[in-house]
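Data block below; observations after.
The values are calculated or read from the model by the stated rules, or taken from the named source; none is laboratory data. Bear in mind that the values here come from a model prediction, so they are computed numbers and not experimental data. Cβ coordinates were reconstructed from backbone atoms using ideal geometry, including for glycine residues, and neighbour counts include every protein chain displayed. Keep in mind that these areas ignore ligands, DNA and RNA; they rest on the heavy atoms of the full protein, side chains included. Shrake-Rupley method; radii C 1.70, N 1.55, O 1.52, S 1.80 Å.
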Amino acid sequence: MSSERSRAPRAPFRLWRSWHMTAPDMNAPIRKIAVVMSAIAMGGGLTACAAAFDPVTDTASPVAPRVQALVDANRRYPDWADFPRSTEPLPEPGAIAAEVSTLRVTGGALAGEVSRIDWQITDAPADFAAGVQARIDSVPVAPVTAETLAEIEDFVRRTRERGRAPPPVDRR
């Protein structure tokens, strides 16, 4: 017996521990199973990608030596020294400041134009409401939606009457 089971409290009506394993003794907790399955899935996913980073050239191919030579020549990552220098001179700080101020001015002008737009429909709210009501009225309404509360309650009553069981048959 495991030390955990021997230390577990015993039911007062039992003289000795049960010989069979109970559910906690037999089953692994769900969290433990989920962690193990997640670790296996992630490990499998990582090992599946490992072969993609070390490709093998087919030696039977007639272009294999050329492909292998190109691969070997381009194995290392480029350094900053390998990139060509720009032939154009960097802009002066004054030129950058002028462009920034131009952007601020045009942004302010745009904000002024936007503020002059009338975004609310305040001219004639009654006309607007009438137009919306006309658009709503032009859409046909489903017959079920047009029923009144009395019609719905009548339908419920009739359905309940149809669903009532018939009276019992006298079997004498």
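Structure notes:
- With semi-axes defined as the square roots of five times the eigenvalues of the C-alpha gyration tensor, the equivalent ellipsoid of the stretch 49-155 measures 68, 41, 11 Å, largest first.
- Our coupling estimate for the stretch 103-116, obtained by passing each phi through the Karplus curve with A = 6.51, B = -1.76, C = 1.60 and θ = phi - 60°, is 5, 5, 5, 5, x, x, 5, 5, 4, x, 5, 5, 5, 7 Hz, Gly and Pro reported as x.
- Accessible surface of the stretch 74-172 [probe 1.4 Å, protein heavy atoms]: carbon and sulfur percent: 61
- Peptides 65-76, 139-150 ordered by average Cβ neighbours within 10 Å, highest first: 65-76, 139-150
- About the centre of its Cα atoms, the stretch 88-168 shows a dipole size close to 740 debye [charges on the beta carbon of Lys, Arg (+1) and Asp, Glu (-1) only; nearest 20 debye].
- Radius 15 Å from Cβ of A129, net charge of other residues (Lys, Arg +1; Asp, Glu -1): -2
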